[in-house]
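Student: Mind having a look at this structure? Questions to follow.
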Amino acid sequence: MKRYFGIFLMSLLSTAAFSQQNTYNLIVGTYTAPGKSEGIYTYSFDITGGTATLKNVTRDTTNPSYLAISSDRKFAYAVNETGNTSSVSAFKYDAKTGNLTFLNKVDSHGADPCFITVDDQNVIVANYSGGSLAVFSREADGSVSEAIQVIKHTGKSIDPQGRQKSAHVHMTNFTPDHKYLVVNDLGEDQTYIYNYNPVGKEKTLTQKSVIKATPGTGPRHITFSPNGKFAYLAHEFNGAVSVFAYANGSLRKMQEINTTPKDFKGKIDGADIHISPDGKFLYETNRGDANSISAFSILSNGKLKFIETVSTLGKGPRNFSIDPSGKFLLVGHQYTNNVVIFNRNKTTGKLTDSGNRIDVGAPVCLVFDK
């Protein structure tokens, strides 16, 4: 009898483990004003069918557009994009329930923060309108300190539509070796590389070098290959992707490739860029009049080979994310208030509509809790 009970128990545990491997938390940051959103949404995402079930809504947080989960899965951090009153919020995160419990909020030290990065010691924020980046220490209870370092960029560039009259810090991203921080400034057409000292306090970041982009292109988001050897930079104004070799805090440009046809006449507004978990394919989204996503294969030398460009099936694809299994690619549409879920062919890299949608107001950031 004990033997059969033991077999039954092992079967239950195996089933539970299998189930756990097939569901992940998907946390969605949004704009609450104006719009239909109430805050931060946590879903259970099932990779067997590419479906999402709402678990929790974190209310009473204004415009939590971009967010990040700590590596220990105990805390979440979000920017509150509210112009000159913008802030950074810390939450205790319950991975099982998806609940976020507010801890504290501090001044972001720059208007309209649009990206947030976290590691074990610090939280770092890119302030778009403020043209600055700010570093905050993480306290033992997960809360954030007041800013310990603020770096203000002051340059400009040539965009005729006026989006480069001043600095606009758009992204902060650690290099794969975690020794440096890469900072894209859309307003200056420059990418900064800062030395990173996690316990450096007011000298956490010190400038190492600056890479100048083609004037008027607007460097926006950057991603690194899983092997840490290559970096891919998406430009907002023309949707181009620059390919770099990376080593020891240095980026060496190897290729630049477009994501729209040569005869495309509309507004492009490049948005986001990510690599599949297996490191074989890269994707980039464009907003504006394009509302498209382009797929590329990554060659052994790091360069890109174009595969296809397809519609994102919505308007304003601000951000997208690939689930940890690599089976699905999810695109959040700021203006059509939904997330479109694509099937992703792991062999060809091509995307097809799964037919599944998540209806949520003004989604801006999609983060899988792995």
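Student: Just to confirm my filter: which strands (runs of 3 or more DSSP E) fall fully inside the stretch 83-161 and include at least 2 residues that are over 25 Å from K370 (Cβ atoms) and aliphatic (A, V, I, L, M)? Please lay out each step first, then the result.
Tutor: Details: elements: 87-93, 100-107, 113-118, 122-127, 132-138, 144-152.
Output list reads 132-138, 144-152.
Student: Going by the conditions given, is I40 touching a helix residue (DSSP H, G or I) at 6+ places or on another chain (Cβ under 9 Å) and either modelled with pLDDT of 95 or more or among the charged types (D, E, K, R) (or both)?
Tutor: Numbers: touching a helix residue (DSSP H, G or I) at 6+ places or on another chain (Cβ under 9 Å): no; either modelled with pLDDT of 95 or more or among the charged types (D, E, K, R) (or both): yes.
In short, no.
Student: Is it fair to say K201 is farther than 13 Å from L133 by Cβ, among the basic types (K, R) and more than 21 Å from the chain's Cα centre (by Cα)?
Tutor: For K201, the condition - farther than 13 Å from L133 by Cβ, among the basic types (K, R) and more than 21 Å from the chain's Cα centre (by Cα) - is met.
Student: Take A234 and tell me if it is without any contact (Cβ under 8 Å) to a residue 24 or more places away in the chain and at negative phi.
Tutor: It is false that A234 is without any contact (Cβ under 8 Å) to a residue 24 or more places away in the chain and at negative phi.
Student: Let me spell it out: the conditions are (1) within 30 Å of Q161 (Cβ to Cβ); (2) in contact with a strand residue (DSSP E or B) (Cβ under 7 Å, 6 or more places away or on another chain); (3) polar (S, T, N, Q), and T336 meets all of them except one. Which number is the exception?
Tutor: Status for T336: all satisfied but (2).
Student: Are there any pairs, at least 6 apart or on different chains, whose C-beta atoms fall under 6 Å, with the first in the stretch 52-78 and in contact (Cβ under 8 Å) with a residue 60 or more places away in the chain and within 14 Å of N99 (Cα to Cα) and the second of a type in the set (D, E) and crowded, with 21+ Cβ neighbours inside 10 Å, and if so, which?
Tutor: none
The values are calculated or read from the model by the stated rules, or taken from the named source; none is laboratory data. All values derive from a computational prediction rather than experimental measurement. A quick note on method: Cβ atoms are made from the backbone with ideal geometry, for glycine too, and the neighbour counts reach across all protein chains shown.
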